[in-house]
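Structure record follows, encoded as structure tokens.
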Amino acid sequence: MSSVMTTAGAPVKSGARSQGVWAASWRRLRSDKVGMGAMAVVILSLLLVVAAGLGLVAGDWQRETGVPNAPPTFMGPAPAESAGAIEQPKGPNVDLSDIDPLAPKYGEWAERAKQYKTDEAPRAQTLPFGADRLGRDVLAKAVKGAEISIMVGLLAAVVATLIGTVLGALSGFYGGKVGDFLEWVYNVFTAMPNILLIFAFAVVFGRGVLPVVMILGLAGWTGIYRLVRAEFMKHSVREYVRSAEAIGASKSSRMFKHILPNVSHVALVQLSLHVVSFIKSEVILSYLGLGVSVDQVSWGTMLSEAQGELILGYWWQLVAVTGFMAVFVTAFALFTDALRDALDPKLRGLE
């Protein structure tokens, strides 16, 4: 391999290549301590979601492990009089045959009761994060709810990003009648408030994880479309695209091999921004009864249950779900800001 001499006399290989865009972006991201800490929290949360999906944690969230509305461990067990149990009268066993000759003897009742006796494990009086009105562990519910809410946010953001990127690329690159038609579709979707559009789709698609993903994806692609369309319009007339056209590159090759890698940072940042937005939307839908089905749990359904419990003074389910949601949403928002700064092409010339 040939080499050239620098002004200092040290040989430099002519085949050495400069640092790539993604390597430079990763180096900038590593220098952001807040961003790296937020990324660690996000990764741990995603690993927890995967473990919950595989049943390794919170697999028994529906099991009634504690007494109804058991307080958190640090509060200690609730007073006995608050359990609402009715004290049974004490005294000798009464044989009903003394009152009714046709009634079975007391010994016969005892034998029959033994046949139907169940070995139910005693319920805990306290749990680490408390229990709900049925005695289910609030911590396990919050972890399982994180699986549903985060999965819905991620999948819906991917759907919205794919729709917005493809339609924006077609409109910005081709223009003409294709661009006019896609602009008309865009104007139809943006003509009504986003929340009303989500509610309209919810009535059509129904409840469940997949319907919620489709609802949020179909209602949230417009902002990504507008940004990607502008980037494709700007890049389609640049010299490197004209050069590719001159050497015979097809339109699809110019769109997805030449332009798309240079505007991918826009789609990636929008993807991360929409994850937080869609998690909040799923929580609102589930809170209103339009989200996941009744046999599933999410942060939104937990907030809906906690509303009634809070009136009775049972606040621990509300604190648990808001704490989990606040930590993840804040960490993901900080990570998104750091990622946007790392991928900003304006910073490449400052290195």
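The values are calculated or read from the model by the stated rules, or taken from the named source; none is laboratory data. This one's a predicted model, so the numbers in the text were calculated from it and none came from an experiment. Reconstructed Cβ throughout: ideal geometry from the backbone, glycine too, with neighbour counts over all protein chains shown.
Would you point out the residue of the stretch 202-226, among those that are buried (at least 19 other Cβ atoms within 10 Å of the Cβ) and within 22 Å of Gly176 (Cα to Cα), that is nearest to the chain's Cα centre (by Cα)? Within the stretch 202-226, the match that is nearest to the chain's Cα centre (by Cα) is Trp221. Remark: pairs (first residue in the stretch 45-58, in contact (Cβ under 8 Å) with a residue 60 or more places away in the chain and part of a loop (DSSP other than H, G, I, E, B); second residue buried (at least 16 other Cβ atoms within 10 Å of the Cβ) and of a type outside the set (Val, Ile, Thr); Cβ separation under 6 Å; 6+ apart in sequence or on different chains) = Ala58/Ala52; Ala58/Ala140; Ala58/Lys144. Can you work out which of the residues in the stretch 298-351 that are acidic (Asp, Glu), under 30 Å from Ala23 (Cα atoms) and in a helix (DSSP H, G or I) is modelled with the lowest pLDDT? Top of the filtered list is Asp341. Being among the aliphatic types (A, V, I, L, M), at pLDDT below 60 and part of a helix (DSSP H, G or I) is a description that applies to Ala113.
Does the stretch 67-78 include one or more residues that are outside any loop (DSSP other than H, G, I, E, B), farther than 30 Å from Thr126 by Cα, of a type in the set (A, V, I, L, M, F, W, C) and at pLDDT below 90? The answer is no, given that none of the residues of the stretch 67-78 is outside any loop (DSSP other than H, G, I, E, B), farther than 30 Å from Thr126 by Cα, of a type in the set (A, V, I, L, M, F, W, C) and at pLDDT below 90. Of the candidates Val237, Val228, Val188, the single residue that is assigned to a loop (DSSP other than H, G, I, E, B) and either more than 16 Å from Ser277 (Cβ to Cβ) or at pLDDT below 90 (or both) is Val237.
Val266: surrounded by 13 or more Cβ atoms within 10 Å (Cβ to Cβ) and closer than 22 Å to Val49 by Cα, yes or no? Considered against the rule, which asks whether it is surrounded by 13 or more Cβ atoms within 10 Å (Cβ to Cβ) and closer than 22 Å to Val49 by Cα, Val266 comes out as no. Selection of first residues in the stretch 135-158 that are within 19 Å of Gly217 (Cβ to Cβ) and of second residues that are charged (D, E, K, R) and crowded, with 24+ Cβ neighbours inside 10 Å, restricted to Cβ pairs under 9 Å at least 6 apart or on distinct chains, gives the following pairs, ordered by first then second residue: Ile148/Glu282; Ser149/Glu282; Val152/Glu282; Gly153/Glu282; Ala156/Glu282. Under the condition of being out of contact with any helix residue (DSSP H, G or I) (no Cβ under 7 Å at 6 or more places or on another chain) and within 16 Å of Arg136 (Cα to Cα), the residues counted in the stretch 309-329 number 3.
The C-beta contact set for the stretch 281-303 (first residue touching a residue at least 24 places away in the same chain (Cβ under 8 Å) and of a type in the set (D, E, K, R), second residue surrounded by 19 or more Cβ atoms within 10 Å (Cβ to Cβ) and part of a loop (DSSP other than H, G, I, E, B), distance under 6 angstrom, 6+ apart or interchain) comprises Glu282/Gly291.
Among the candidates Ser293, Ser253, which residue alone is more than 30 Å from Val138 (Cα to Cα), surrounded by fewer than 16 Cβ atoms within 10 Å (Cβ to Cβ) and either of a type in the set (Val, Ile, Thr) or out of contact with any strand residue (DSSP E or B) (no Cβ under 6 Å at 6 or more places or on another chain) (or both)? Only one candidate qualifies: Ser253. Glu282 fulfils the conditions (1) in a helix (DSSP H, G or I); (2) farther than 20 Å from Trp221 by Cβ except for a single criterion, (2). Among the residues of this structure, Glu147 counts as one that is surrounded by 19 or more Cβ atoms within 10 Å (Cβ to Cβ) and either of a type outside the set (Val, Ile, Thr) or assigned to a helix (DSSP H, G or I) (or both).
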